[in-house]
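Enquirer: Dropping a structure here in structure tokens format, bear with me for questions.
The values are calculated or read from the model by the stated rules, or taken from the named source; none is laboratory data. Because the structure is a prediction, the values reported are computed rather than measured. We place every Cβ from the backbone using ideal geometry, glycine too, and count neighbours over all the protein chains shown. The area values use the complete protein model at the heavy-atom level, side chains included, leaving out ligands, DNA and RNA. Shrake-Rupley method; radii C 1.70, N 1.55, O 1.52, S 1.80 Å.
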Amino acid sequence: MNRTNHDYDDGIIIDRGYELTTTSRALYAEEVNNVCIIFLDIVGFSRMSLELKPIQIMDMLHDLFGRYDNLCDRHGVLKLETVGDAYVCATNLLKERDDYSPGDEYLHAKDAALNALEMAKDMVRQAQHVIIPKSMPIESVQVRVGIHIGEVTCGVLGERLPKFAVFGSAVNLAARMEQTS
């Protein structure tokens, strides 16, 4: 990719000032190093979804994910998506890298990892404030978290409801870390 100083106005959703030098048909695509993926889901969610009314599940998820959205703002973390009871976010993904010198890459990776760890700890703490509806005795939501740092490919996919997508081994490994935690 070549650095440019002009803005695109032809439908590109995220403009980081890069001009694609490939013949890609994607609206936006980039490979990014040292991205820390945080993958989280609720312990026992399948059982909960069978026992509770849909509106109770939605209210609980709304409460929990709203708390996580606020944490993303506080920590400077990018929310990527929610799928069912899973919440996926990342550090160091859409940061400007103009001021990075080659020797700083390790420090930026370390900062991204430390920020992700603080975010994950706060996510676990916030889950303890969300009560499972109709639980007797009263129980709070328990979560599992997986974190991995590495290279990802990200971009905007689709023509109808275009979506920012992130994929690669860092995402897969974070998901596996969560599953085995």
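Enquirer: Take F167, F39 and sort them by solvent-accessible surface of the protein heavy atoms, 1.4 Å probe, largest at the top. It would help to have the intermediate numbers written out before the result.
Expert: Working: F167 105, F39 40 Å².
The ordering from most to least exposed comes out as F167, F39.
Enquirer: Leaving ligands, DNA and RNA out of it, rank Y28, Y106 by accessible area with a 1.4 Å probe, largest first. Intermediate results must be reported in sequence, preceding the final value.
Expert: Details: Y28 15, Y106 160 Å².
My answer, sorted largest first, is Y106, Y28.
Enquirer: Here's another thing I want to ask about it. Using θ = phi - 60° and the Karplus curve 6.51 cos²θ - 1.76 cosθ + 1.60, what whole-Hz ³J(HN,Hα) does each residue of segment 146-161 get, with Gly and Pro shown as x?
Expert: So the Karplus estimates, Gly and Pro as x, are x, 9, 8, 10, x, 8, 10, 9, 9, x, 9, 10, x, 9, 9, 6 Hz.
Enquirer: For R176, R67, R125, give me the order by solvent-accessible area with a 1.4 Å probe, most accessible first, ignoring ligands, DNA and RNA.
Expert: Values: R176 145, R67 65, R125 115 Å².
I get R176, R125, R67, largest accessible area first.
Enquirer: Let me ask something else about it. Run the 1.4 Å probe and let me know the accessible area of I149, rounded to the nearest 10 Å².
Expert: 60
Enquirer: Given charges of +1 on the Cβ of Lys and Arg and -1 on the Cβ of Asp and Glu, with all other atoms neutral, how large is the dipole of segment 38-179 about its Cα centre, in debye to the nearest 20?
Expert: For this selection, approximately 460 debye.
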